[in-house]
Amino acid sequence: MEKEILEHGFNFNRRRFLSSMSLGLGGVALGSLLMPDLLNGGGFEDEGLAPGVPHFAPKAKRVIYLFQNGAPSQQELFDYKPKLREMLGKEIPPSVRGTQRLTGMTANQASFPLVGSFVDFKQYGDSRAWVSDLMPYTAKIVNDLCFVKSMYTEAINHDPALTFLQTGSQQGNRPSMGSWLSYGLGNENKNLPNFTVLLSRGVGNGQGVYSKLWSNGFLDSVHQGVQFSKGEDPVLYLRDPEGMDRHDRRDMLDNLSQLNELSYQEFGDPEITAKIKQYEMAYRMQTAVPEVMDLSKESDDIIKLYGPECLVPGTYAANCLLARKLSENGVRFVQLYHQGWDQHGNLPFEITKQAMDVDQASAALVTDLKQRGLLDETLVIWGGEFGRTSYTQGKLTADNYGRDHHPRCFTIWMAGGGIKPGIVYGETDELGYNIAKDPVHVHDFQATILHQLGLNHEKLIFKHLGRRYRLTDVSGKVVKDIIS
């Protein structure tokens, strides 16, 4: 049966309700948690907090997406191409380049000289997967990983590519992947949001990360991602207002609840009871969020596993550790964004620093989940929005070069959540420019993620303005060969 919610018009009622609630509650900026909930057609009976019913038995319960914002160069990390070194400085053959549309940054270059990676590679694990020396920790967990080397997209610039990967459309104003999962499956933990977002930044060029990437789009706002920050208030406006203690807050909520019960009896508006329940959730979050964000109780072994940076709020390592804690506490979709991978120039220096940022912590997360028996039910994904060109952008020197955007092929890895471990799927040609085997489109990737969580991407539908919308739009097929 399709999970489908018909259009609804809550705008006027929402405004009216929030106006009537202007008594305080810390500013009510916890908007993503305080919106109406019609999750799974269950009305307001379960607050949208009881797990929904998947289409079939899921292999995974949760997702942690380690998004590398800016597009890491696959040639320097996982897609080893010795032929590029042999052809250093030679022009890319027209037969390889074809009629590809280029970005404005390289379209007017007089030449397109090929450049091999400055870093060496070795083979690891049962799959004999190639991993560069920039990723020594990742190399140690190769037997837990599924490398997909044949991802591709149509978008050639960051913003549309990011939006496409996260929402299934380049145009924006669509629900993000985490929102679709929240809509389809509900929440495991009534004290925490279903979809959380953690941001960090490396040394390289940082492409913008905007809230539209974790937007609920036309889905109910309860499905919007909640951004956690590194400051004193991980979630804005969650703490009690100055001068108000927990007892006073409890009294205020109780009194507010009584007033709204009277209002509900008079008007029968289900939004009123929904709001009461959502405010109660925010109250519970005041205890749950600080507990999850507290890393002081982590063992020395865990700190050593993730590295000392995990104790520095806002770092990638700290966010990986928090992702594990959020996931094990029932958060359905944890989205990390790590900026700094947009290396159009000065690539050897910048990518070395970026790899140092993420290598240990990414591998630690997989290892940590596995040690706790959580990897089988948690799908971990690592990758960016597109790949990098085999030719250099700008001047090629003996020790420096850059690479432009390349949508034709890029590499991601996946672990856990019912994905086959220790395999390499897909191939690119000898120059790493075109896919040679088993292409995986962005919509195929999205369909596979939904499938692992028990959702048929063709049936996870929301009707909006007379059209049935899906994360995968009108295409996408599950990549069955990578499923265990």
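Structure notes:
- In region 196-228, of all residues being at pLDDT 85 or above and polar (S, T, N, Q), the one that is surrounded by the fewest Cβ atoms within 10 Å (Cβ to Cβ) corresponds to SER211.
- Among the residues of region 463-478, those identified as of a type in the set (A, V, I, L, M, F, W, C) and either under 19 Å from VAL63 (Cα atoms) or crowded, with 18+ Cβ neighbours inside 10 Å (or both) are LEU471, VAL478.
- Among the residues making up region 363-380, those that are buried (at least 21 other Cβ atoms within 10 Å of the Cβ) and either in a helix (DSSP H, G or I) or among the charged types (D, E, K, R) (or both) are ALA363, ALA364, LEU365, VAL366, ASP368, LEU369, LEU375.
- Residue match in region 384-401 (condition: over 30 Å from ALA110 (Cβ atoms) and touching an Asp or Glu at 6+ places or on another chain (Cβ under 8 Å)): no
- Of all residue pairs spaced 6 or more apart or on separate chains, those with beta-carbon atoms under 6 Å, a first member in region 451-473 that is outside any strand (DSSP E or B) and a second member that is surrounded by 19 or more Cβ atoms within 10 Å (Cβ to Cβ) and polar (S, T, N, Q) are HIS457/THR472; LEU471/GLN446; THR472/GLN446.
- Within the set GLN343, GLN354, the sole residue that is among the polar types (S, T, N, Q), in a helix (DSSP H, G or I), closer than 24 Å to TYR210 by Cα and in contact with a Pro (Cβ under 9 Å, 6 or more places away or on another chain) turns out to be GLN354.
- The selection criterion, being surrounded by fewer than 16 Cβ atoms within 10 Å (Cβ to Cβ), modelled with pLDDT of 95 or more and in a helix (DSSP H, G or I), holds for ASP481.
- Top-ranked residue in region 381-395 [being buried (at least 24 other Cβ atoms within 10 Å of the Cβ) and β-branched (Val, Ile, Thr); ranked as farthest from ARG101 (Cα to Cα)]: THR392
- Filtered residues of region 302-322 (kept if of a type in the set (A, V, I, L, M, F, W, C) and not in a helix (DSSP H, G or I)): VAL312
- Just one of the numbered conditions (1) part of a loop (DSSP other than H, G, I, E, B); (2) over 26 Å from THR389 (Cβ atoms) is not true of LEU431: (2).
- Contacts under 8 angstrom Cβ, first residue in region 194-213 being among the charged types (D, E, K, R), partner surrounded by fewer than 18 Cβ atoms within 10 Å (Cβ to Cβ), 6 or more apart: LYS212/GLY172; LYS212/ASN173
- In the set ASN143, ASN173, ASN157, only one residue is over 16 Å from THR411 (Cβ atoms), at pLDDT below 95 and surrounded by fewer than 23 Cβ atoms within 10 Å (Cβ to Cβ); that residue is ASN173.
- Scanning region 323-340 turns up no residue that is within 28 Å of GLY178 (Cα to Cα), touching a residue at least 40 places away in the same chain (Cβ under 8 Å), touching a Phe, Trp or Tyr at 6+ places or on another chain (Cβ under 6 Å) and assigned to a helix (DSSP H, G or I).
- Candidate set: region 417-462, residues that are charged (D, E, K, R) and at negative phi; chosen: the one surrounded by the fewest Cβ atoms within 10 Å (Cβ to Cβ): LYS437
- Top-ranked residue of region 434-450 - restricted to ones that are assigned to a helix (DSSP H, G or I) and hydrophobic (A, V, I, L, M, F, W, C), ranked as farthest from ALA60 (Cα to Cα): VAL442
Results for (1) within 20 Å of the chain's Cα centre (by Cα); (2) among the aliphatic types (A, V, I, L, M); (3) surrounded by fewer than 21 Cβ atoms within 10 Å (Cβ to Cβ), shown as yes or no for each residue.
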site	(1), (2), (3)
ARG284	no, no, yes
THR287	no, no, yes
SER296	no, no, yes
SER299	no, no, yes
ASN319	yes, no, no
LEU326	yes, yes, no
LEU336	yes, yes, no
GLN339	yes, no, no
GLN354	yes, no, no
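- Residue match in region 386-404 (condition: part of a helix (DSSP H, G or I), in contact (Cβ under 8 Å) with a residue 40 or more places away in the chain and in contact with a helix residue (DSSP H, G or I) (Cβ under 7 Å, 6 or more places away or on another chain)): no
- Exactly one residue out of ALA274, ALA282 is at pLDDT below 85 and under 22 Å from VAL197 (Cβ atoms): that is ALA282.
The values are calculated or read from the model by the stated rules, or taken from the named source; none is laboratory data. In this text the structure is predicted, and so the values were computed from the model without any measurement. Ideal geometry is used to build each Cβ from the backbone, glycine not excepted, and the neighbour counts take in all protein chains shown.
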